Amino acid sequence: MFEREGPIKLLSGTANRALSEDIARHLGIALTAADVGRFANGEIRIRILDNVRGCDVFILQPTSFPVNDNLMELLLLIDAARRASARRVTAVTPFYGYSRQDRKERGREPISAKLVANLMATAGAHRLLTIDLHMPQLQGFFDIPVDNLQSAPTFATALRKKELDNLMIVSPDARGVHRARQMAKMLAAPLGFIDKRITELGMPEVVHVIGNVKNRRVVILDDLIDTGKTVARAVQSVSHLGATAVYVAATHPVLSGSATALLSQLPLEDILLTDTIPIADLSPNMHIISMAPLLAEAIMRIHENLSVSSLFDV
């Protein structure tokens, strides 16, 4: 079935094995066998057990917690595939870690997102397939092609099934307006956003809510939930201004610390999350939407040299 770039091979790291297996099922192939272990001193040990010479290799490994271990595992898998004479190596990294330090806001700071991009290319990746980069311009940090899939169409489909009326899509900050605008267009809903600033203590503070949320069913759309504090402030703000119901849709469930407990206490109808990062402990109001069908379709299109952007064109 897959012959244009040589046989297709799907390798999985340990960060999200369940998603890898789901993608393999959608593609109708088996995961390529690999031994991912540790030496006695904690160093990562990699060995690809199947022949990948001349193959189109896709390595699925989000760089989620523990970020440094998962990133190093990804780099070693890429290097192993390259040294095994794979024809092309694509890093399938649904969640791209180290993306939030993407510029120098103060002196003597690194640009971590650029450094990681360099590391992936140096390891031997020919392209990157990811979902909802923290900022779209991060694609410019790479000297290899980047396919930045978008979750908005998937969330829009899930919300249509709920048959909700009087919807309004709200971004929790100005940086996410482009993402929210896309979903608002899909659902023919008005758009709003929250003017937010970060205090010296690192706490998000709502300054203004742009848009009239009164008597609306508000969907707060974000690319990730880390500590949950930004979402909590946003939910409190729109509820205070008269929203009749509040929903949250977020692509990457980072959920650091007590985020799950915080989210479970919010007056939310539903929290829609994707499986880019595995979640050990779901609260009752969290529901997972699989990104495996979208990733499988993108992998097939990359392999067949077909358009990927058409998957999320509005």
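Details
- Region 135-147 - phi-based ³J(HN,Hα) in whole Hz, Karplus 6.51/-1.76/1.60, Gly and Pro as x: 9, x, 5, 4, 4, x, 6, 9, 9, 10, x, 10, 10
- Cα-projected label distance for residue 119 with residue 21, points at 7 Å along beta-carbon direction, nm: 2.8
- Whichever lysines have a C-alpha closer than 19 Å to that of residue 162, once near sequence neighbours (fewer than 8 apart) are set aside: 185
- For a paramagnetic label modelled on residue 304 (point 7 Å from Cα along Cα→Cβ), amide N atoms under 17 Å away belong, within region 29-73, to 29, 56.
- Rounded to the nearest 20 debye, dipole of the chain from Cβ charges on Lys, Arg, Asp, Glu: 420
- Between the listed residues 224, 170, 235, the Cα displaced farthest toward the positive end of the dipole of region 152-289, a dipole computed from Cβ unit charges relative to the Cα centre, is found at 170.
- Relative contact order of the chain, defined on C-alpha pairs under 8 angstrom at six or more residues apart (%): 14
- 0 to 90° range, to nearest 10: angle between helix 292-303 axis and the chain longest Cα axis: 50
- Measuring against 32 Å, Cα to Cα, the residue pairs 114/214; 114/229; 161/214 contain 114/214 as the ones spanning a longer distance.
- Label point distance in nm, residue 111-residue 288, each placed 7 Å from Cα along Cα→Cβ: 3.6
- Extension gain, residue 210 back to residue 195 (0.36 nm per residue minus Cα-Cα distance, nm): 4.7 nm
- Amide hydrogen neighbours beyond the local backbone of residue 10, cut-off 5 Å, H modeled: 32, 58
- Only Cα pairs under 8 Å and 6+ residues apart enter the sum, and on that basis the relative contact order of region 152-289 stands at 19 percent.
- FRET efficiency, residue 178 to residue 265 (Cβ-Cβ, R0 30 Å, nearest 0.05): 0.50
- Over the chain: helical MRE at 222 nm, DSSP H runs n ≥ 4 each giving -39500 (n - 2.57), nearest 500: -9000 deg cm²/dmol
- Subtracting the Cα-Cα distance of residue 229 and residue 162 from 0.36 nm times their residue separation leaves 21.5 nm of extension gain.
- Normalised contact order of region 101-185, rounded percent, pairs of Cα under 8 Å and 6 or more residues apart: 21
Bear in mind these aren't lab numbers, they're just calculated from the coordinates by the rules spelled out. Since we're looking at a predicted model, the values are computed, not measured. Virtual Cβ from ideal backbone geometry, glycine too; neighbours counted across all protein chains shown.
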